[in-house]
Each structure stands twice: as structure tokens, then as C-alpha cells.
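The values are calculated or read from the model by the stated rules, or taken from the named source; none is laboratory data. Every value quoted in this text rests on a predicted model; they were computed, and no experiment measured them. Ideal geometry is used to build each Cβ from the backbone, glycine not excepted, and the neighbour counts take in all protein chains shown.
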Amino acid sequence: MNTDRKYTAGYAERFTEEIADYPPKHSEILQDTNKLRDKIENCIEQLKQAESETKKYHRGVLEPFRNIHNLFTGTLDGILSVIDNHDITGDKYFTLYERTEGDIRRYQARIAQLAVLLKDVEDSRKQLVTNCLQRVGRLYENLTILSKKSTIQIGNTKKQMIQIDLPFIEPMSEQTAERINQYITEQVKKYLSEQETSAKAHHDRLEIRRLLNCYIGKEIIPITVFKIDKNIQNSRYRSWQDALKANSGGEQFVVLFSLIVSVMNYTRSLTSSLNTTSGVLILDNPFGPISSPHLLEPMFRIARHFHIQLICLTHLGTAAVTSFFDMVYQLRFKSLPLSNVEILEAEAKQHMEHAYYLSEQLSLF
């Protein structure tokens, strides 16, 4: 550096006087060139370490994302091409810096686009949660109402023929909403995982029963039905499973009849007043399993309570059955003389309504 200073000072004598008045100033303190050399060498070593760390980060972290988007591909190839190219004129690290700055701007623009898409996805997810919550909430209310609509007079007390044991849920409960939200989020994750692994399931993840279980926080909903006995004192509630297994045929019929009529009653109550509407059930010979008065009486009481008219087709003509009907038609086939044609004719019996079914029978069915 001292030699360069003397050479420069000698060269400055050739300048004009105006320029020569301002010779370069230099420090009077001698510099430790060894210390300066050590600093330079240390910087070079740090650059080599940075290159090594960059390549390691590239291989371990960035490389797996190469095929995700063409932005990644260009960036990854650009990093290594600059680091490994020793023929670049000028400062290759500044070149790498400029390229990285351009990549960052492109990434920022892409991130802004993805942010808009993610917001749409999140809005759709929230809407899905809201729709599922409303749907299963209506089902919960419907089941509660359905249970109450099965109430009839048995003896001196009113009994619910069907009881559905549902836990009490506060309207707009935050815990319920959180359970539905968590459940749907888990199902979406499973669905995306199956799309990647091609292990697709063939069942409905958001079927209403699963949502209902999530809504009430229970997997099992106990259902009990009222078993009517000849001795009213022995009548009691039994589980749905026990009623279908242990009840007699007639008792099972009353249970299922109560369920059907309760559903009819409930659906009618959604659109009209129960006091002004009625329904009709046509039953094909129901008196095979059910012919005892202690079962027939509550059956017809249920029908009257819910304004259901029963039209029953049967071959039985016993008073135990016919006494529950306001009108009875007893018909038989009669062969015409000198012909193979048969006609349907009323059987003349006392205390029974007589009638012919001709075109009316066809319209009935």
C-alpha cells in the first residue's frame, strides 16, 4: 500500500495545479496487512460455509417442493446455477440477490392470489358447518316433537307411546357448534388424505345420523315404547329392542302402529292444524296378530286421538273386531246362473251396512 501511495503521489505531479492542490489523503497510521488479510480470508470462509448451508437447505427442505409449482422450479434451479457458476462476471452473490428479490415479488403476488382462494374455501367451510348445524338442529327438534306427539290416554293417565331419550341441548349452543365444526374439519382432512393415497371410502361422511351423534355428543339414542297389558297395572315401558324381540305379535303391531301414526301426526302438524285435518290408513288384515280387545282398544284410541280413519280388509267377522268400527261391509262372491262370471255382492246380515262394490272398488285401489 505504501508503494502504491508513492506511485500515486508521483503520478499526481503530472496533474494541473488545480487538481494537484487536492492530493489524496492517506492515514499516517501504518495498517496491519496481516490482520486485514485474515479478515478477508475469514469472509471467504464464511461465504463458503454459507454456500454449503444453502446447498444443504436446498436439498433437504426446498427440493421436495420442486414439482408443486413452476415458481419453485425456477427458484431452485436459479439458486444452484448461480452458486455453482464460477464464470459469472461481477459479484455472483449480488446476482443471486437480484434474482431472489424478483422471486420474492412473484411469490408475494402468488400468495395474494392464494389468500383470496383460501378465504373462499374458509367461507365455504363455515357455510357447510352452518348448514349441517341447522339441518341436524331441525332433526333434533323434530325427534323431540315426535316423541311428544305420541301421547294418548291410557286408563286414567296420559302416556307417550314412544319415548326418545335425547339430552337437552341449548339453542345456539357453542359446544354443539364446536363439535360439528371439529367433526367436519376432521372429515375434510380424511377426505384429502384419501385423495392422495387413492384409498377412497364409499360411504357418506356427513350422513345425518353421524351429524346427530356429534350434535348431541352421544353415539346411542335410547328409545322406549309403552307395552300395553291386559292388566293396566302391568303396562310399562320397554326398550325398542326388547319390544321387537319379546313382545307378542299383537303387541309389536301396536308399537309399530303407534310409531307410524305418530310420524303421520307429526308431519301433518308441520303444515296444518291437527284439529281440522285427518288421515286414512288402509290395513290389509291386521287382525291376525291383533284381535284381543286390550290391544284393539288402545289401537283405535290412538287412531281417534290423531284423527286417523282406519279402513281394514279382513275375513274376520267377530264382534270383538267389528264392534270397533262405525261401519262394516261384508261381501261375498256370487256366481251368475248359467255363467262362469262371478259378481261381488253384499252379505245380508243384521246390524251391518249393505253395499255393492262395482266401479267404486276400482277407484278405491
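If the condition is being touching a strand residue (DSSP E or B) at 6+ places or on another chain (Cβ under 7 Å) and either outside any helix (DSSP H, G or I) or at pLDDT 75 or above (or both), then region 259-283 contributes 259, 261, 262, 264, 278, 279, 280, 281, 282, 283. Within region 204-240, the set of residues being among the hydrophobic types (A, V, I, L, M, F, W, C) and under 29 Å from the mean Cα position of the chain (by Cα) comprises 206, 208, 211, 212, 214, 216, 220, 221, 223, 240. Just a yes or no: is a residue in region 339-350 at pLDDT below 80, exposed (fewer than 12 other Cβ atoms within 10 Å of the Cβ) and among the hydroxyl-bearing types (Ser, Thr, Tyr)? Yes: one or more hits.
So for region 90-111 (the condition being touching a residue at least 40 places away in the same chain (Cβ under 8 Å), loosely packed, with under 15 Cβ neighbours inside 10 Å and within 44 Å of the chain's Cα centre (by Cα)), does at least one residue qualify? Checking region 90-111: at least one residue is touching a residue at least 40 places away in the same chain (Cβ under 8 Å), loosely packed, with under 15 Cβ neighbours inside 10 Å and within 44 Å of the chain's Cα centre (by Cα). In the set (1) within 16 Å of residue 128 (Cβ to Cβ); (2) of a type outside the set (Asp, Glu); (3) modelled with pLDDT of 85 or more, residue 140 fails one condition alone, (1). For region 134-144, the criterion of being over 26 Å from residue 264 (Cα atoms) and not polar (S, T, N, Q) is satisfied by no residue at all.
Rundown of residues vs (1) of a type in the set (Ser, Thr, Tyr); (2) assigned to a helix (DSSP H, G or I); (3) touching a residue at least 60 places away in the same chain (Cβ under 8 Å), yes/no style:
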residue	(1), (2), (3)
145	no, yes, yes
158	no, no, no
168	no, no, no
177	no, yes, no
180	no, yes, no
184	no, yes, no
